[in-house]
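Inspection log for the structure reproduced underneath, given as structure tokens.
The values are calculated or read from the model by the stated rules, or taken from the named source; none is laboratory data. Computed from a predicted model, the values in this text were never measured in an experiment. Cβ coordinates were reconstructed from backbone atoms using ideal geometry, including for glycine residues, and neighbour counts include every protein chain displayed.
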Amino acid sequence: MSSQSRVVVIGGGIAGCSSALALAGRGVNVTLLEASNRLGGRYGSVKIPGLERQIDRTQNVFFRNFERFLQLLATCESRESVKLQKSTMLAFLEVDRGRISKIEAGSLPPPNHLSASFLNANFLGLGDKFSMQKAVQTIQATNEQQRRELDDLSFLQWLEDNSQSKRSISRFWNPISKLALNLDCSEASASSAIFLFKKALLGNASAFDVGCFTNDFTNAVSSNLRRTLADSDVEVHLSTPVTSLFRDSGVVTGVNTKNGFHAATVVIICTPISDTARLLTGSSASMASHEVAERLAKLGNTSQIGIHAFHEGPVLPEGIPFVICCDEPLIQMLFDRSGELDDGKRSGLPGHWICCPVSYADKYQEWDDELIKTEYQRVIEIAFPESPPLIDFHVVRINRFATAMRTGSQRDRPNPLDAGEGVILGGDWINIDWPSSLEASTRAGLVAAATYLRENRVRDFSDWKHDEKWPDWPNSAKKEDEDWRIWE
């Protein structure tokens with residue numbers, strides 16, 4: 001690589017930061033351009049009128065199998081800002097009964113490590129459990145080619161074809177897939193859902209250990225990202241939206257921003273779908289670039305809502321950090337966010353914080369805050385009649401939260417080099433199988449970086465795959481690793 005070459009990365013979210021750090025670690029000159037005044041993208045924190053401090057838009061969830069994201073945290077010295085469950089525990093709340101069933105990892109090897117607690121769970125019937133065990137075996141036996149051939153089938157249809165009851169679908173399969181895919185199983189690709197279950201719940205005994213942030217995302221992660229980028233000599237420009245790509249004879253050789261022009265050997269695009277499609281079109285754009293924009297438009301996004309409720313005291317029972325609410329379309333999960341925060345990180349909150357992330361929230365975007373509040377209070381009053389009074393309530397709407405992994409979506413996810421010469425694609429919507437998440441964003445950014453390094457014949461990257469450790473970064477959080485904190 002020439003010392004004069006420079007890569008411009010568009011987008012300062014997790015994908016863009018991952019790509020920039022990975023390239024800088026290999027001696028590449030990198031400029032990172034971010035339209036907003038902070039790093040972190042859709043995961044970043046916001047200031048809400050009426051609150052003294054910034055909070056995250058919604059509950060930012062990650063798991064132990066988010067290996068590349070955990071590598072990124074270690075690289076940015078953010079281990080102290082997160083905690084991980086010692087072992088997998090999922091709590092399912094039957095709202096009408098106020099009864100909680102805990103699904104916990106046992107001593108059996110995967111995929112049977114959850115079997116014992118499932119047999120004792122009250123939220124499902126015995127027939128549900130036996131049919132679910134058969135579905136688990138079918139998922140485990142599905143190879144990659146067979147899985148990909150299921151992309152045109154909805155996950156709901158696959159579940160019904162595999163004799164899953166309405167109760168097991170509404171109380172287990174749909175809540176888990178909705179959490180991860182941000183889609184109802186009636187619309188989600190069976191291929192994407194099966195990928196999720198194989199990688200997470202059924203992959204290994206610790207894969208689905210849930211993680212939490214001990215501060216708001218900006219203070220827990222984004223500030224450390226900014227420092228690490230500076231230490232790596234990445235040139236960062238905030239509040240610098242890119243207005244267009246500059247093309248010379250059809251080849252992208254730079255970007256235009258509201259503040260001026262940035263020349264580039266290669267431009268890596270790590271922006272949301274609509275922003276990417278805008279940059280890839282125009283009179284001077286190549287046919288390949290236009291085709292990618294059309295595919296991205298077909299993919300589209302789904303939305304999420306973050307409900308933030310503040311009570312006079314704790315709502316969830318002691319030892320239960322979060323619950324999945326059975327048969328509740330709006331109030332899907334309850335997280336004890338105050339319990340996740342470190343001592344000293346709760347200042348400025350009006351009360352004990354419960355965060356309720358609403359996945360696939362498209363049909364609730366038009367609901368006013370009072371209607372959402374009424375639904376929240378109904379669930380709390382039925383499930384936890386002795387809960388402390390609600391003293392403050394806020395709703396945050398996120399319109400473009402996740403790439404829509406609907407049926408047939410796999411064919412529309414582009415590869416990094418599909419947009420033509422001078423451009424590498426690196427958003428979490430590229431063809432890496434993973435659904436939109438902190439992990440997908442990190443992997444996509446690394447795939448874009450590896451593509452650049454491979455094109456420039458840098459050793460170690462001719463065969464690198466994103467399931468492999470990024471060679472320049474510390475290890476992710478293994479079960480026995482004492483450098484990572486335990487979420488008790």
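Worth pointing out:
- Within the range 158-188, the set of residues being more than 17 Å from the chain's Cα centre (by Cα) and not in a helix (DSSP H, G or I) comprises Asn162, Ser163, Gln164, Ser165, Cys185, Ser186, Glu187.
- Of all residues in the range 226-250, those being among the hydrophobic types (A, V, I, L, M, F, W, C) and over 19 Å from Arg278 (Cβ atoms) number 5.
- Test result for Asp152, at pLDDT 95 or above and surrounded by fewer than 19 Cβ atoms within 10 Å (Cβ to Cβ): yes
- Selection within the range 177-192 - free of Cβ contacts under 8 Å to residues at least 40 places away in the same chain and within 25 Å of Phe66 (Cβ to Cβ): Ser177, Cys185
- Pairs, first in the same structural domain as Trp158 (by TED's automatic domain parsing) in the range 117-133, second surrounded by fewer than 15 Cβ atoms within 10 Å (Cβ to Cβ) and of a type in the set (S, T, N, Q), C-beta under 6 Å, six or more apart: Ser131/Ser163
- Those residues of the range 216-243 which are in contact with a helix residue (DSSP H, G or I) (Cβ under 7 Å, 6 or more places away or on another chain) and at pLDDT 95 or above, in sequence order: Leu225, Thr228, Leu229, Ser232, Asp233, Val234, Val236, Val242
- Hits in the range 82-112 - residues which are polar (S, T, N, Q), surrounded by fewer than 20 Cβ atoms within 10 Å (Cβ to Cβ) and without any contact (Cβ under 8 Å) to a residue 60 or more places away in the chain: Ser107, Asn112
- When restricted to residues that are in contact with a strand residue (DSSP E or B) (Cβ under 7 Å, 6 or more places away or on another chain) and within 19 Å of Glu318 (Cα to Cα), the range 94-120 contains 6.
- Residues (of a type in the set (A, V, I, L, M) and in contact with a Lys or Arg (Cβ under 8 Å, 6 or more places away or on another chain)) located in the range 29-61: Val30, Leu39, Val46
- Qualifying residue in the range 353-368 (condition: assigned to a helix (DSSP H, G or I) and more than 18 Å from the chain's Cα centre (by Cα)): yes
- Neighbours by Cβ (under 8 Å, 6+ apart or cross-chain): first from the range 38-60, at positive phi and modelled with pLDDT of 90 or more; second among the hydrophobic types (A, V, I, L, M, F, W, C) and not in a strand (DSSP E or B): Gly40/Ile14; Gly40/Phe217; Gly40/Val221; Gly40/Leu225; Gly41/Ile14; Gly41/Ala15
- Ile273 being at pLDDT 95 or above, closer than 25 Å to Ser189 by Cα and among the aliphatic types (A, V, I, L, M): yes
- Whichever residue in the range 411-420 is buried (at least 19 other Cβ atoms within 10 Å of the Cβ) and at pLDDT 95 or above and, among such residues, is farthest from Asp151 (Cα to Cα): Ala419
- Residue within the range 403-423 that is more than 30 Å from Asp362 (Cα to Cα), of a type in the set (S, T, N, Q) and assigned to a loop (DSSP other than H, G, I, E, B) present: no
- Test result for Ser45, surrounded by fewer than 24 Cβ atoms within 10 Å (Cβ to Cβ), of a type outside the set (Phe, Trp, Tyr) and under 19 Å from Cys76 (Cβ atoms): yes
- Scanning the range 1-55 for residues that are β-branched (Val, Ile, Thr), closer than 15 Å to Ile268 by Cβ and part of a loop (DSSP other than H, G, I, E, B) yields a single hit, Val28.
- Test: residue in the range 284-302 that is farther than 30 Å from Thr253 by Cα and either more than 25 Å from the chain's Cα centre (by Cα) or touching a residue at least 24 places away in the same chain (Cβ under 8 Å) (or both): yes
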